[in-house]
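To start, the structure under review is shown below, and the notes come after it.
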Amino acid sequence: MKEREVSQFFRSLRRLMRQLSLYPVAHPLTVDAGITAEAAAADLLSSVGRADIAIFDSAFYLNRVVLPHTSLEYHVLLRDMQARGIDSITLDAPLSHDDLEDLAAFIGGSSDDLPADGTVRLNDFSLTGLESEESSMSAVRRSYTDGIDALRGVTSTMASQGSVELSAVVDAVEGLFEHAVSHSSASLLLSTVKSHDEYTFFHSVNTCILALATGRMIGVDKESLVPVGVGAVLHDIGKVAVSAATLNYPGRLDEGQWKEIQLHPQEGALAILAAGGEGNEIAATVALEHHARFDGQGYPSYRRTRRPHIFSRIVSVVDTYDAITTRRSYRRAETPARALDVVLGAAGSAYDPDIVKAFIAMMGVFPPGSILRLKTGETVVVTERPTEPDAPLATFIVRDTKGAEIDPEPLVVNVADVAVQLLPQQADFDPATLLETIARANLPSAS
């Protein structure tokens, strides 16, 4: 899987686009961005030879293989390319520095000059014979993208005008709800998608997906759950009112900074209430209480005789779970199993024990997308949520006992046969990418 190399290339290309829109070509920041982009392109080309990156059905493809994670993380870049009439980019080694600069300037709209040295060619490749397939993963991915777009729009409006308009968020949450019902395993799998560059957006949508699924697990109906989803998506919207210096502070916060951070639930709740609309009281309550603990501690603080709202208690659990499983600048990501252990250990104090129990029952010991190394040495990926706590796992085996990549094959695995759970960066592949590729190939499942 070469998705990581494409993602690194896109990240450096996006940075070069930004520098070219601000500074001249010879500016030190532009030169440095160009060097980084050249290195990322060279890494990609060293692994694949020639790179044909194409857009089809709102997704990126590399040499005819779909890149679902990259399509989500860089969907704004995808749309920028489409707006400039780009359907494909072909890269050949050795890549010309001028071609790369021209590509970045053209996509970014700072120049209309096309790459002229022949090492970067636009619309020279076509995905002929590829039919549009609305797999469960691609359908959920579209809803996920809608959620990211809606949250990005609300955040921008909040920052510039101090107010929010929630109709796009409600529409996105309704789409995510429908897929949480009809494609539950795919929804839980897509909630494993992370973005270090846009942590808040991806974390908020993941929190929404997990909150909707947990609500369904305990029997909450759609009419009640959509406001919960809106509150989950917007639970950190109040951070727009927190200074960037405090949000990005690398060390331990002082008393003044901590007080500033503690205001973000209140700021978010007030913004949601000001927007008006049916069900917004619930969404505002969720935003206000997502850091309030079950035992009355946390913030804002509550008397022990009053618990946070049941919907806030759901979001508190799933918010913590997704945060723990996401890499941040100040700490590494933990495995899903470790995150479940942390949540379970705080049941009854930080978290509602009944919600924790329901959440763990829903996720299973190893949720969809978990990468496992077996005691016999093989590497497998869990594809579906087990129906019972101790039920065998439906997986695909992707590496043999020696660690060599093999064509994926379905395999039923007993939990007792698992040696260790791996993070995607340890396994060096993204489970969502792998499983969507398998789904498009129509391989039978192990269930």
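The values are calculated or read from the model by the stated rules, or taken from the named source; none is laboratory data. The structure presented is a predicted model; accordingly, all values stated were derived computationally and were not measured. Backbone-built Cβ (ideal geometry, glycine too); neighbour counts: all protein chains shown.
Kindly evaluate residue 395 against the criterion of being outside the structural domain of residue 182 (by TED's automatic domain parsing), hydroxyl-bearing (Ser, Thr, Tyr), surrounded by fewer than 19 Cβ atoms within 10 Å (Cβ to Cβ) and modelled with pLDDT of 90 or more.
No; evaluated as a whole, the condition is false for this residue.
Here's the yes/no breakdown for (1) in contact (Cβ under 8 Å) with a residue 24 or more places away in the chain; (2) out of contact with any helix residue (DSSP H, G or I) (no Cβ under 9 Å at 6 or more places or on another chain):
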site	(1), (2)
5	yes, no
11	yes, no
15	no, no
18	yes, no
22	no, no
26	no, yes
33	no, no
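Search region 232-250 for residues that are in the same structural domain as residue 210 (by TED's automatic domain parsing) and pair each with any residue that is among the acidic types (Asp, Glu) when their beta-carbon atoms are under 7 Å apart and the residues are at least 6 apart or on different chains.
Close Cβ pairs satisfying both conditions: 235/319; 238/267; 241/267; 242/260; 243/260; 246/260.
Look at residue 411 and say whether it is surrounded by fewer than 21 Cβ atoms within 10 Å (Cβ to Cβ), aliphatic (A, V, I, L, M) and free of Cβ contacts under 8 Å to residues at least 60 places away in the same chain.
It is true that residue 411 is surrounded by fewer than 21 Cβ atoms within 10 Å (Cβ to Cβ), aliphatic (A, V, I, L, M) and free of Cβ contacts under 8 Å to residues at least 60 places away in the same chain.
For region 95-110, name all the residues that are in contact (Cβ under 8 Å) with a residue 40 or more places away in the chain and part of a loop (DSSP other than H, G, I, E, B).
Once the filter is applied, which keeps residues that are in contact (Cβ under 8 Å) with a residue 40 or more places away in the chain and part of a loop (DSSP other than H, G, I, E, B), region 95-110 yields 95, 109, 110.
Can you work out which of the residues in region 340-380 that are surrounded by 20 or more Cβ atoms within 10 Å (Cβ to Cβ) and among the charged types (D, E, K, R) is farthest from residue 213 (Cα to Cα)?
Applying the filter and picking the extreme gives 378.
Here is a list of conditions, (1) touching a residue at least 24 places away in the same chain (Cβ under 8 Å); (2) farther than 24 Å from residue 360 by Cα, and residue 258 meets all of them except one; can you say which number that is?
Just one mismatch for residue 258, condition (1).
Whether any residue in region 261-269 is free of Cβ contacts under 8 Å to residues at least 60 places away in the same chain, touching a helix residue (DSSP H, G or I) at 6+ places or on another chain (Cβ under 6 Å), of a type in the set (D, E, K, R) and under 22 Å from residue 176 (Cβ atoms) is what I want to check.
Taking every residue of region 261-269 in turn, none turns out to be free of Cβ contacts under 8 Å to residues at least 60 places away in the same chain, touching a helix residue (DSSP H, G or I) at 6+ places or on another chain (Cβ under 6 Å), of a type in the set (D, E, K, R) and under 22 Å from residue 176 (Cβ atoms).
Residue-by-condition table, conditions (1) in a helix (DSSP H, G or I); (2) more than 30 Å from residue 394 (Cβ to Cβ); (3) free of Cβ contacts under 8 Å to residues at least 12 places away in the same chain:
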position: 140; (1), (2), (3): yes, no, no
position: 146; (1), (2), (3): yes, no, no
position: 155; (1), (2), (3): yes, yes, no
position: 170; (1), (2), (3): yes, yes, no
position: 177; (1), (2), (3): yes, no, no
position: 188; (1), (2), (3): yes, no, no
position: 192; (1), (2), (3): no, no, no
position: 205; (1), (2), (3): yes, no, no
position: 215; (1), (2), (3): yes, no, no
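For region 293-317, what are the residues that are modelled with pLDDT under 95 and under 25 Å from residue 248 (Cβ atoms)?
298, 299, 300, listed by residue number.
Is it the case, given these coordinates, that residue 50 is in contact (Cβ under 8 Å) with a residue 60 or more places away in the chain, exposed (fewer than 14 other Cβ atoms within 10 Å of the Cβ) and basic (Lys, Arg)?
no
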